[in-house]
Structure formats: C-alpha cells, structure tokens
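A quick write-up on the structure given underneath.
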C-alpha cells in the first residue's frame with residue numbers, strides 16, 4: 001500500500017516536516033532520542049493527554065507495528081504545533097482503502113493531542129487528507145467525549161463531512177473523587193491464601209528495579225495461555241524489544257509502576273501501569289494459572305484499584321477495555337464513552353464513504369462471528 005503523505009516528505013532534525021502552505025506537515029517518526037521540541041510543547045498544552053501518542057511510546061511502537069506510519073502535524077505561524085495525529089495507510093474492512101489513526105491492542109486509545117482551536121485543527125487535517133485524495137479517515141478507540149471529540153463533531157458538521165459510529169462502548173475508568181471501587185473478589189479465598197502462605201503486594205517504581213521486575217512479568221506471561229498461543233510479549237523478538245524500550249524510557253521519567261503479588265516469595269500475578277500528565281493506564285497483566293482457584297489476577301486488580309483510588313495521585317485511570325465489560329467492569333463504577341469512528345474526508349462523503357462503512361461493518365461482523373464460533377468450540 002502506498003506510503004501516506006507522498007514520497008517527498010522528509011524529517012529534519014528540528015522535527016519540522018514538509019508542508020504545502022496550509023500549515024500542515026508530514027513528519028517521519030524518527031528513532032528515539034530524536035524528539036522535536038514543538039512536540040513536547042503540544043503535549044503540555046493539549047486539551048487531552050494520550051500516553052500512547054507520546055514520542056517515547058510511538059518511537060517504540062511504530063517500528064514494531066506499523067513502520068510506514070507518519071505524523072500529520074498542524075503548525076502555527078510561530079512554529080508551534082497545534083495538533084499531531086499519527087496515521088498509517090490501511091483498510092476500512094476487507095478491501096476499501098482508508099487512512100487510519102494509529103491505535104492498536106498495545107495502545108488502544110486514538111484521541112490525538114490538539115491545542116487551541118481544536119475544531120480548526122480537525123478541519124485542517126481533513127482538508128489536507130482530502131487534498132491528497134483520501135476518501136475516509138478511520139479513528140479507532142476514540143474518547144467519545146471531551147474537547148477533542150467535540151472539536152471533531154464541530155468541524156465535520158461545519159464542513160458537511162459525515163461521521164459514522166461503527167462501534168460504541170463505555171470503558172471502565174477510575175476517577176479521582178469519583179465512585180469508590182467495588183470489591184468483587186472472594187475475601188474468603190483471599191483470607192485462606194494469606195493464612196496458608198506468605199502473601200505480599202509490592203509496588204515497583206525504582207528505575208533500577210523495574211527492568212528486573214519486567215523480566216519476571218515476561219516469564220510469568222510466557223508460562224500462561226498467551227505463551228501457549230504464541231501471543232506473549234516474549235514469544236517474538238520485536239515485541240520483546242518494544243516492551244523493554246517502553247518500560248526503560250517511561251521508567252526513567254517515573255511513568256511506569258509495576259504491581260507484584262507474591263506467594264511464598266514467588267511472583268504469581270503482576271501488572272504494568274503507564275502514567276503521564278496526571279493520568280494512568282492499566283496496561284498489561286499476567287498471572288499464574290496454577291493459582292486460578294484463588295483468582296490471584298483479580299485479587300491483584302482489586303489491590304491496585306484500592307491503592308490508586310486511595311492515593312488520589314491520578315485524575316483518571318483508564319482500564320483500556322476495548323469493548324463492553326472486561327476484568328474491571330464490575331469493580332469500577334465510573335465509565336468513559338468510547339467509539340470507533342469513520343469520518344468522510346470529503347463534504348457529503350460520496351460513494352467512497354458509503355462503501356467504506358459497508359466494508360467496515362462486514363469485516364467487524366465476520367470477526368464477531370468467528371469469535372463466537374471459537375468460543376463455542378472451546379466450550
């Protein structure tokens with residue numbers, strides 16, 4: 001599939017890409033530590049934060065998941081960045097081409113960083129994509145509330161561009177000053193585990209200890225069902241390099257916390273959390289299936305929930321659930337509206353937009369059917 005943004009765009013060491021006079025530039029996602037200072041300024045001024053769209057994360061994730069992804073940047077007259085949207089060439093479903101926001105299973109949040117007049121920033125993005133011949137923009141895992149979403153709705157309404165909500169769900173979140181987490185674990189089993197064994201819950205934030213804890217996590221995940229399925233991070237060299245890079249970079253700036261539940265000195269459940277800008281995300285979890293009868297994974301989630309809510313350190317903790325339900329749905333009462341969106345790049349949408357919507361729904365329906373069949377076969 002053709003590289004988005006054309007073949008003549010180049011990244012400079014200052015982070016400025018090429019543009020066409022419309023205040024929009026394509027920027028290559030160069031390897032870390034090349035970090036344009038305007039990017040840092042945008043993140044600090046952004047209406048909403050997204051840890052998965054920060055340079056530390058993107059420069060690790062893009063080579064692993066989407067080597068051709070690029071950053072479409074809105075630049076003000078003074079040279080500041082007004083918005084940054086990581087994009088890749090993809091498909092709406094089975095066959096119809098689409099420009100897709102870079103959101104994925106390792107970072108399921110697609111809300112971009114935008115500052116100032118968000119509606120104007122979205123208009124410029126869509127105008128540029130239309131000028132380059134794109135028909136549709138796929139925006140998976142978008143927050144369906146807040147300034148960035150409202151700006152998108154205002155921009156599309158003003159320009160007559162259609163928006164199709166492909167999927168909508170409500171993601172569990174933990175809010176500072178919000179609803180208290182609900183205990184949904186068996187305290188009888190927990191007391192029995194503590195009575196019969198030496199049980200300890202530790203929180204690791206020291207950069208010198210994080211990488212050791214990460215290797216424990218990787219071994220624990222590899223020993224479980226993800227290892228058997230070949231989807232554990234340690235199963236592949238590229239995913240292993242990705243997670244080590246993310247933990248190393250964020251750990252150095254205090255953006256990683258690893259919770260470890262140990263029984264008789266052996267790690268039986270571990271969780272990796274990401275934090276940035278006063279918000280946190282529940283990123284990865286692994287547990288020892290031999291202790292499934294004690295629900296050690298859910299016990300750890302309950303301990304983390306109680307700790308984070310009690311400390312009030314983060315304004316919002318995101319469960320990152322990609323559909324209704326999930327492991328934290330019955331523990332966290334508060335919800336965040338989410339949606340997968342299909343946006344027409346051209347006013348009125350046209351045939352291309354309608355075909356993309358049909359293709360996307362056929363694809364999602366086929367995946368849902370395959371999942372139901374697979375689950376039924378498993379029993």
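Quick note: the coordinates plus some simple rules give every number you see, no bench work behind them. Remember, predicted model here, so these are calculated numbers, not experimental data. We place every Cβ from the backbone using ideal geometry, glycine too, and count neighbours over all the protein chains shown.
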Practice problem: Using only the alpha carbons, work out the radius of gyration and Dmax of the chain in angstrom. | Solution: 21.6, 70
Exercise. Please work out whether segment 61-100 counts as rounded, prolate or oblate from its C-alpha gyration tensor, where a ≥ b ≥ c are the square roots of the eigenvalues and a/c under 1.5 means rounded, while otherwise a/b larger than b/c means prolate and anything else oblate?
Key: oblate
Practice problem: Would you please calculate the Kirkwood hydrodynamic radius of segment 187-314 over all C-alpha pairs and express it in Å, rounded to one decimal? | Solution: 15.1 Å
Quiz item: Which value in deg cm²/dmol, rounded to the nearest 500, describes the helix-derived mean residue ellipticity at 222 nm for the chain, given -39,500 (n - 2.57) per DSSP H run of n ≥ 4 and division by the residue count?
Solution: -12000 deg cm²/dmol
Practice problem: Whole Å is fine, so just give me how far the alpha carbon centre of segment 90-129 lies from that of segment 243-306. | Solution: 30 Å
Quiz prompt | residue 182 paired with residue 236, simple spin-label distance in nm, labels 7 Å along Cα-to-beta-carbon | solution = 3.7 nm
Exercise. Once you have the Cα-Cα distance between residue 206 and residue 354, take 0.36 nm times their residue separation minus that, and quote the gain in nm to one decimal.
Key: 48.1 nm
Exercise. Round to the nearest 10 and give me the degree value, 0 to 90, for the angle of helix 118-131's Cα axis relative to the longest principal axis of the chain.
Key: 60 degrees
Quiz item: Where does each of 363, 250 land when they are ranked from fewest to most other beta-carbon atoms within 10 angstrom?
Solution: 363, 250
Practice problem: Any chance you could give the angle, 0 to 90 degrees and rounded to 10, that helix 237-252 forms with the longest Cα principal axis of the chain? | Solution: 80 degrees
Self-check item: Sorted by Cβ density within 10 Å, fewest first, the residues 196, 221
Solution: 196, 221
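Within 10 Å of each residue's Cβ, count the other Cβ atoms and sort 187, 153 from fewest upward.
Taking fewest neighbouring Cβ atoms as first place, the list is 187, 153.
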Quiz item: Gain in length, residue 191 to residue 168, computed as 0.36 nm per residue apart minus the alpha-carbon separation, to one decimal in nm?
Solution: 4.4 nm
Quiz item: In degrees from 0 to 90, rounded to the nearest 10, what is the angle of the helix 187-196 Cα long axis to the longest principal axis of the chain?
Solution: 50 degrees
Quiz item: When only Cα pairs under 8 Å and 6 or more residues apart are kept, what is the percent relative contact order across segment 187-314?
Solution: 25 percent
